[in-house]
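Novice: I am attaching a structure below and will ask some questions about it afterwards.
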Amino acid sequence: MEMKITLVPGDGIGPDIVHEAVRVLDKIAEVYGHSISYKTIDAGGISIDKYKVPLTDDALETAKASDAVLLGAVGGPKWDHVEGKLRPEKALLGLRSGLGLFCNFRPAVIYPELADASPLKTSVIKDGIDLLVVRELTGGIYFGERGRSDDGRTAWDTMKYSDAEIERIAKKAFEAARVRRHHVTLVDKANVLESSRLWREVVSEVAKSYSDVSLDFMYVDNASMQLVRDPGHFDVLLTENMFGDILSDEASMITGSIGMLASASLRNDSFGMYEPIHGSAPDIAGMNIANPIATILSAAMMLRYSFALTKEADAIENAVKKALSDGVRTKDIAAGGDFVGTDECGSEILRRLV
Ligand code: NAD
């Protein structure tokens with residue numbers, strides 16, 4: 001297969017962790033007979049320094065012309081004083097909206113070897129955790145009508161969804177469940193919100209086309225409790241934008257390892273943008289101690305969701321698991337013990353790829 005990938009190394013630890021993911025992708029291409037061409041664009045602080053904007057039109061066009069985007073992270077203290085519209089994080093929004101990405105996949109996985117890093121009791125996570133939060137990205141209260149009364153003492157925000165917006169992301173969630181454990185939980189507030197009642201109607205209708213996937217419903221307040229009480233209940237957790245924003249952060253915290261978690265932003269076709277959930281970690285930039293695993297696992301998600309290369313994605317995920325069970329640790333997950341550098345961690349994963 002031929003793959004055109006746009007790389008967005010960004011700022012801080014971004015270039016180093018993207019470099020390790022590219023080494024892994026190159027090795028996969030070599031072993032499985034694929035060809036990958038890369039174009040690198042600037043986004044975030046580096047783009048502000050060079051072009052005075054967080055994302056240029058040219059950079060966006062390059063991303064649009066590719067099959068998938070792999071992003072490191074953007075931002076850092078150097079640009080903290082920059083005014084709102086020109087902040088580095090605007091590059092992420094520019095990419096997400098410019099590329100039409102409406103669906104966010106955020107897996108939260110606890111590897112048995114790292115169970116101690118989880119703030120949850122061992123008894124709660126004894127069977128491991130492997131859940132996927134599917135969050136709607138472009139609708140809901142963050143994008144609905146908002147305002148203030150003339151005297152400024154009353155304010156409102158509106159949560160609004162159309163059936164089409166719900167249907168397209170519900171399909172993504174059910175497709176994902178099909179290649180996982182065949183279970184979707186719709187998280188909403190249908191006892192109070194009319195928009196949630198529409199979500200239930202539409203998702204129930206979509207479920208009829210996926211008879212191999214079971215569906216249940218959970219109120220968001222209960223879901224936030226179940227994530228810490230019984231996270232094993234969840235396979236695919238589907239939800240609207242704001243609930244997903246909150247629950248996906250909660251889900252990642254229960255794993256205890258921010259340097260290990262990948263994400264994907266998707267749309268209706270196979271195009272996607274893949275990135276670690278962590279930021280540019282300016283406190284450790286340039287020290288060769290950043291954990292590259294979240295970015296390497298983001299590359300695996302890219303192979304799985306944008307290129308349908310299941311075997312290759314499995315190979316990367318298995319190599320990461322093997323490295324962990326053989327005791328390979330970067331500083332953030334070493335619990336005070338021995339650790340390897342960013343590049344060595346990449347090499348250890350490469351060695352276990354096939
Ligand atoms: P952060 O995720 O960058 O760092 C939080 C803590 O986790 C730090 O102690 C950091 O050293 C550690 N950490 C993060 N990733 C790590 C890794 N791969 N390996 C080892 N340790 C890791 O969050 P922050 O400090 O709040 O933000 C720093 C900058 O990143 C800010 O400018 C922020 O705006 C930006 N940011 C960018 C993104 C993104 O690009 N998607 C996301 C979040 C924050």
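Novice: So Ile258 fits all but one of (1) touching a His at 6+ places or on another chain (Cβ under 6 Å); (2) touching a residue at least 40 places away in the same chain (Cβ under 8 Å); (3) crowded, with 19+ Cβ neighbours inside 10 Å; what number is the exception?
Specialist: (3)
Novice: Right, here's the next one. Kindly list the number of the only condition in (1) within 26 Å of Leu137 (Cβ to Cβ); (2) within 15 Å of the ligand (Cβ to nearest atom); (3) assigned to a loop (DSSP other than H, G, I, E, B) that fails for Ala299.
Specialist: With (1) within 26 Å of Leu137 (Cβ to Cβ); (2) within 15 Å of the ligand (Cβ to nearest atom); (3) assigned to a loop (DSSP other than H, G, I, E, B) applied to Ala299, the lone miss is (3).
Novice: So Glu30 ticks every box in (1) open to solvent by less than 40 Å² (accessible area, probe 1.4 Å); (2) part of a helix (DSSP H, G or I); (3) away from the ligand (no atom under 12 Å from the Cβ); (4) among the acidic types (Asp, Glu) but one. Which box is left unticked?
Specialist: Glu30 satisfies every listed condition except (1).
Novice: Kindly evaluate Tyr51 against the criterion of being over 20 Å from the mean Cα position of the chain (by Cα) and under 24 Å from Phe307 (Cα atoms).
Specialist: It is false that Tyr51 is over 20 Å from the mean Cα position of the chain (by Cα) and under 24 Å from Phe307 (Cα atoms).
Novice: State all residues of region 319-346 that are closer than 16 Å to Ala21 by Cβ, open to solvent by 40 Å² or more (accessible area, probe 1.4 Å) and touching a residue at least 24 places away in the same chain (Cβ under 8 Å); if no residue qualifies, say none.
Specialist: Asp343
Novice: Same structure again: Taking the options Asp245, Asp230, Asp235, Asp269, name whichever one is more than 12 Å from the chain's Cα centre (by Cα), in contact (Cβ under 8 Å) with a residue 40 or more places away in the chain and open to solvent by 20 Å² or more (accessible area, probe 1.4 Å).
Specialist: Asp230
Novice: Return the pair list, or none, for Cβ contacts closer than 7 Å from residues in region 162-180 that are small (Gly, Ala, Ser) to residues that are assigned to a helix (DSSP H, G or I) and surrounded by 16 or more Cβ atoms within 10 Å (Cβ to Cβ), at least 6 apart or on different chains.
Specialist: Ala170/Val202; Ala170/Val203; Ala170/Val206
The values are calculated or read from the model by the stated rules, or taken from the named source; none is laboratory data. All of these numbers come straight from a predicted model, not from anything done at the bench. Cβ atoms come from the backbone with ideal geometry, glycine included; neighbour counts cover every protein chain shown. Accessible surface areas use protein heavy atoms only, side chains included; no ligands, DNA or RNA. Shrake-Rupley method; radii C 1.70, N 1.55, O 1.52, S 1.80 Å.
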